[in-house]
Amino acid sequence: MMTANVAVANDIDNLNTIDDVQNFLVNKVNKEWKDITFIESNPADTSAFGKGKYFKIDLDNNGLTDLVINGIYFLAVTDNGDGKYESHIIDRGAFLTDKYTLVNIIYKDTTPLLLIKGYSEYTKSINNKSITDTLIFKYGDFTEYNAFPDDLNIEEIHFSTTACYGTCPIFELSIKADQTATYNAIKYNKETGEFKTTIDTSSYNNLIRTINYIKLTTLEDGYSVNWTDDQAVTLQIKFNNGQVKTISDYGAIGTFGLEHLYEQLFELRGTQKWK
């Protein structure tokens, strides 16, 4: 297994077997996972980074070892210090059926980058027709690596969601450059009605940094998954003296970077003091 040099030992450093990894996930990350098998040995896969393997590396350069698991589910666990661990699922889509596999780990200076490709559970093989995504752990989750982030002057962010076949939260959220925000909770949120607040500086700065990292102006105007009954989201960002980028995304997984941005916007409903 691959191990990075770290300053402080943690629970992840002591993992030596697949059983160790499984027990760690249940006992240290999420006790509700006790009936889920995340990783199984796969002797037939002789590749260095293939299925049935795990890797101990420092994804976020905080001096603590993190864990990448390329198993039945493809995910990472980051150590946030003080015995607090956070999971980050890399598989995507409804019920995580849009599968990926690790094909390499490379480094940009001291920062690890995960090279991944689509994976078929039916053939147990890499989808060679899929593109290779290069992921970096940035601003709290994975996004596509960008060597030259933008420096856009973000003037306003507007985000809205639609219904799905189920109880997907339906809401509208607008955030201005002075961090003031309005939230219209329409249906399937913890509350209903129109609310206002000032977004805390840490959350706001994370949004702006994420937007500048995901190559906003080069993204498609529309994305769509190949299944039905999912939720659609619309993201509209005004920047640089009135320029507008609008993205409609059925399934809300257009890119890894967009998915990370959407998750931050969803979380604001619960992390901010709305009045």
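The values are calculated or read from the model by the stated rules, or taken from the named source; none is laboratory data. Note that the coordinates shown come from a computational prediction; the quantities given were computed from them, not determined experimentally. Don't worry about glycine lacking a Cβ; one is built from the backbone with ideal geometry, like all the others, and counts go over all protein chains shown. These accessible areas exclude ligands, DNA and RNA; they are computed on the full protein's heavy atoms, side chains included. Shrake-Rupley method; radii C 1.70, N 1.55, O 1.52, S 1.80 Å.
Which order do peptides 222-232, 173-183, 56-66 fall in by mean Cβ count within 10 Å, highest first?
Per-residue Cβ counts within 10 Å, averaged per peptide and sorted highest first, yield 56-66, 173-183, 222-232.
If you find the alpha carbon centre of the stretch 213-275 and of the stretch 83-139, how far apart are they in angstrom?
The distance from the Cα centre of the stretch 213-275 to that of the stretch 83-139 comes to 20 Å.
What FRET efficiency comes out for ALA147 versus ASN16 if R0 is 41 angstrom and r is the Cβ-Cβ distance? Round to the nearest 0.05.
Calculated transfer efficiency: 0.70.
What residues qualify as long-range amide H neighbours of LYS138, i.e. H under 5 Å apart, gap of 5 or more or another chain, H built at 1.01 Å from N?
Hits under the 5 Å cutoff: THR143.
Hey, with R₀ at 25 Å, roughly what FRET efficiency would ASN30 and ASN128 work out to, going by the Cβ-Cβ distance, to 0.05?
Approximately 0.15, to the nearest 0.05.
Keeping the other protein chains in place, figure out the carbon and sulfur percent of the accessible area of the chain, with a 1.4 Å probe.
The nonpolar share, carbon plus sulfur, comes to 48 percent.
Taking H as built 1.01 Å from N, whose amide H comes closer than 5 Å to the amide H of LYS53, not counting residues under 5 places away?
HN-HN under 5 Å from LYS53: ASN70.
For the chain, what relative contact order do you get, as a whole percent, if you take Cα pairs closer than 8 Å and at least 6 residues apart?
So the answer I get is 12 percent.
Rounded to whole Hz and in sequence order, give me ³J(HN,Hα) for the stretch 51-59 from the Karplus expression 6.51 cos²θ - 1.76 cosθ + 1.60, θ = phi - 60°, writing x for Gly and Pro.
Along the stretch 51-59, the couplings run 5, x, 10, 9, 9, 10, 9, 8, 5 Hz.
Suppose each label sits 7 Å from its Cα in the direction of the beta carbon; what would the ALA44-ASN226 distance come out to in nanometres?
In this crude label model, ALA44 to ASN226 measures out at 2.3 nm.
Name the shape class, rounded, prolate or oblate, that the alpha-carbon gyration tensor gives for the stretch 83-193, where a ≥ b ≥ c are the square roots of its eigenvalues, rounded holds for a/c under 1.5, and otherwise prolate holds if a/b is larger than b/c and oblate otherwise.
oblate
From the backbone phi of the stretch 127-133, what are the Karplus-calculated ³J(HN,Hα) couplings (6.51 cos²θ - 1.76 cosθ + 1.60, θ = phi - 60°) in whole Hz, Gly and Pro given as x?
7, 5, 7, 7, 6, 8, 8
Counting only residues 5 or more places away or on other chains, whose amide H sits under 5 Å from the amide H of ASP58 once H atoms are built in the peptide plane?
ALA4, ASP66
When the Karplus curve 6.51 cos²θ - 1.76 cosθ + 1.60 is applied with θ = phi - 60°, which whole-Hz ³J(HN,Hα) does each residue of the stretch 216-231 get, with x for Gly and Pro?
3, 6, 9, 6, 5, 7, x, 10, 7, 7, 9, 10, 10, 6, 9, 8
Kirkwood Rh over alpha-carbon pairs of the stretch 184-238, then Stokes-Einstein at 37 °C and 0.692 mPa s: what D in µm² s⁻¹, rounded to an integer?
225
Applying 1/(1 + (r/R0)^6) with R0 = 35 Å to the Cβ-Cβ distance of LYS215 and THR162, what FRET efficiency is obtained, to the nearest 0.05?
After rounding to 0.05, the efficiency reads 0.85.
Determine the per residue accessible area of the stretch 10-81 with all protein chains present and a 1.4 angstrom probe, expressed in square angstrom.
The answer is 44 Å² per residue.
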